[in-house]
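What follows draws every value from the coordinates through simple rules; no lab data is involved. Note that this is a predicted model, so its numbers are computed, not measured. In this analysis, Cβ positions are derived from the backbone assuming ideal geometry, glycine residues included, and neighbour counts consider all displayed protein chains.
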Amino acid sequence: MSGEHGGGKQPPPDPLSLIDRFANDEQSVAREIFLAPYVPGSKVRIKLRGVVWELSVKDAHVLGDKGGFALFQMTEPNQATVVDKAKRSQVDAYLKLLPRLTFVSIDEYQHHWWGLQANPSDSRFQLAQPVPILLAEQCGAFEQIHARFDGSSFWYQSVNRRRDPKIARNLRKAFNDDVCPDELHVPGAVPSELLVYKILWNDRHPELFADPNATGRGAAPRTDLERLRMALTHAGAELDRYQHAGNNIVNVRYVLDGQTHTANVRLDDLTLVSAGVCLSGRDADFDLTSLVGVMREFARVGYGDRHE
């Protein structure tokens, strides 16, 4: 009878007891209101007794088309509903429980900003490739940002305010001037920032890496960053930064003759939603390129003297 006690193998768990345990856990989850991040089209994840629960979200429109952090409650098996949007203090408390990494922001692709690890010598994580930073806010290319890792995804936390913002601005200016990476000189820039610059510059110049015998290479812009930059550059302005505002609208900040302006444009055709100045309701008659000419004329005649 040896082996029934002591160091012998433990009998396999009773399947019925496991079913009962999961049923009790599900009831516990249903009674609780929990905080979680949500990305449109995905599920929210919670962990209970080492088991990860994935729940579809009902009434997700409350969070808008960009998603965000919210308070949820399970309303039926495998489904949760939004109770309320999370407060900033609740989000901060949630994120502080997770390990923090610093990234250099690259560009937005498929509705997510991507970042390259700023400090590759971090012994906790070795990320050789860019990763998506979910729920990123107010990002600009070449900025250092903090994100928290929950075991499967990186969630945006904040801009690295200890980093001199002039470095990112100087990198953006060099990029707008199409400075070759081999000729780039930005004081204070670290290797990860220079690598991001090279990634974006190489992406802008696919013709340098294409098969010379191939046909139909074309030079059409492939990213939102490139489309916005080219629209402004064609008219003699420089893109400073941009941010998606939802509903296919993007907020653009650009520099014209040393002055900074902002405008909201539709991303599909770059027509104006709001020019940032009064156009007597004719904003939709202009696109981002033609807006630059309008702003230059306004500057010439003076805002108070222009004819409506």
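Placing +1 on each Lys and Arg Cβ and -1 on each Asp and Glu Cβ, with no other charges, gives the range 91-142 a dipole about its Cα centre of roughly 240 debye. How big is the range 220-308 by the Kirkwood estimate over distinct Cα pairs, in Å? Across the range 220-308, the inverse of the average 1/r is 13.1 Å.
Karplus-derived 3J(HN,Hα) values for the range 95-100, using 6.51 cos²θ - 1.76 cosθ + 1.60 with θ = phi - 60°, are 5, 5, 7, 10, x, 9 Hz; glycine and proline are entered as x. Report relative contact order for the range 220-308 in percent, whole number only (criteria: Cα-Cα under 8 Å, sequence separation at least 6). So the answer I get is 20 percent.
Kirkwood-based Rg over Rh for the range 92-163 (C-alpha set), two decimals?
Details: Rg = 11.1 Å, Rh = 12.1 Å.
Over the Cα atoms of the range 92-163, Rg/Rh equals 0.92.
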